[in-house]
Amino acid sequence: MGDRLNLDHAATTPMVPAAFRALTDGFAHWANPSSPHAEGRAARAAIEGARTRINAAYGWAGECLFTSGASEAIAIACTRAQVASVLVSATEHEAVLRAVPDADRLPVLADGTIDCAALEAALARAVAPALVAVQWGNNETGVLQPLAEVARIVHAAGGLLLADAAQMPVGWDDGDLPQDHADFISISAHKRGGPIGVGALLVRDLATLLPSGGQERGYRGGTENMPGAVAFQAALDSPEDLVYMADLRQRLDQLIAEAGGEPIAVAAERRTPLIGAYRMPGVAAATQLIRFDLAGIAVSAGAACSSGSMRPSHVLAQMGIDAAAAGEVIRVSFGREIGADDIGRFVNTWREIAGQLRPPVAEAGHRL
């Protein structure tokens, strides 16, 4: 397909070589980890080693329950936490909203961060104890939530906090991480250079989660995915230059603004280094995706799980962005191999598309 440029790493990141090698080696030595024979014991040792190293990578002192991905981890926490009610931020990933469709939704401020005053009021009304789901970093805008303050409010009300951290890389530390504050954390291998089909639910205290029997300490049935677990661990061992990527995203914000675009959520105090959202006024996101794709650049409009339907973004709507403007926003997300030249290529293509497709604007600011 020629010289393609992948700027859609938030949808999935290509598997790193170390993870691919670990996966194939895991299949070569595959045995059921629950079997008592030597092969089964070796598989059990491999999966437990991966569990220990994943906990260490995230700085997690609690339990790590392997799942088929972040969506299953979210569903387990949302439906089996030992609570009486559930509250979720209105900008959560669709996996959260699907898991608890009747949960009370908490509003966000214009910068995309949760309205903590509304959270306190909602917890005062809710049947206690409550589970509160608040994403670490939004998968569409990259806005980071103030989890320390959220956790303080939730725990003061006797509740539990779930943080969807599928987009969170290891090694990023801005002083407000879910592993320091959350009771449950959902993570995903394929967002970090591991294989599809494996993730984990990090649990601070198993007593807060209703067991289901079967494998994974009795909290998830089904044969454990040993090859996936060791490949997940191998991916986390492959470093990401997060400071460099934060600089790239900041540079991209600046260049898009200079080119007449509108970076989304730049007013937020904290954002992930890996995700940016940008509006091209007057050009529909669907049209932009086609034009970028023809130019050899992969981007997305909103979350990959919903962009195929091109539904309006519930995230941007909750931030007060009107439907017309939201329909002109695309997402750009970085991975290990992205460099300054790639940002330059994207911006040059952005300028070309905007120059060809944006309607002319009168000096007074009105479209002609």
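Computed values, structure above
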| item | result |
| --- | --- |
| Using a Förster distance of 41 Å, the FRET efficiency for Asp104-Asp293 (Cβ separation, nearest 0.05) | 0.55 |
| Sites Gln250 and Thr24 - FRET efficiency at Förster radius 41 Å, r taken between beta-carbons, to 0.05 | 0.60 |
| Square roots of five times the Cα gyration tensor eigenvalues for the stretch 188-249, Å | 29, 15, 8 |
| Apportionment of accessible area to carbon and sulfur, the stretch 135-278, percent (1.4 Å) | 51 percent |
| Computed magnitude of the charge dipole of the stretch 1-153 (debye, nearest 20; Cβ of K, R +1, Cβ of D, E -1) | 520 debye |
| Relative contact order of the chain, pairs being alpha-carbon contacts under 8 Å that are 6 or more residues apart, as % | 23 percent |
| Magnitude of the charge dipole, the chain, Cβ model with Lys/Arg +1 and Asp/Glu -1, debye to 20 | 640 debye |
| GNM top mover of Cys64, Cys116, Cys78 - the chain, alpha-carbon springs below 10 Å | Cys116 |
| Ranked packing of 138-144, 261-267, 121-127, 103-109, most packed first, by mean Cβ within 10 Å | 138-144, 261-267, 103-109, 121-127 |
| Chain lengthening between Asp322 and Val243 when straightened (0.36 nm per residue, less Cα-Cα) | 25.2 nm |
| Percent RCO, i.e. relative contact order, over the stretch 35-153, from Cα pairs under 8 Å lying at least 6 residues apart | 22 percent |
| Max mean-square fluctuation residue, GNM over the chain, Cα-Cα springs under 10 Å, options Gln288, Gln254, Gln135 | Gln254 |
| Shape call, the stretch 4-126: gyration tensor on alpha carbons, a/c limit 1.5 | prolate |
| Accessible area expressed per residue, the stretch 33-97, with surrounding protein chains retained (probe 1.4 Å, Å²) | 36 Å² |
| Compactness relative to 2.2 N^0.38 Å, alpha carbon Rg of the chain | 1.02 |
| Average accessible surface area per residue within the stretch 171-274, 1.4 Å rolling probe, Å² | 38 Å² |
| Nonlocal amide H pairs with Ser300, under 5 Å, H built at 1.01 Å | Arg331 |
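The values are calculated or read from the model by the stated rules, or taken from the named source; none is laboratory data. Quick caveat: nothing in here was measured; it's all calculated off a predicted structure. Glycine gets a Cβ as well: all are built from the backbone with ideal geometry, and neighbour counts include every protein chain shown. Areas reflect the complete protein model, heavy atoms only, side chains present, ligands, DNA and RNA absent. Shrake-Rupley method; radii C 1.70, N 1.55, O 1.52, S 1.80 Å.
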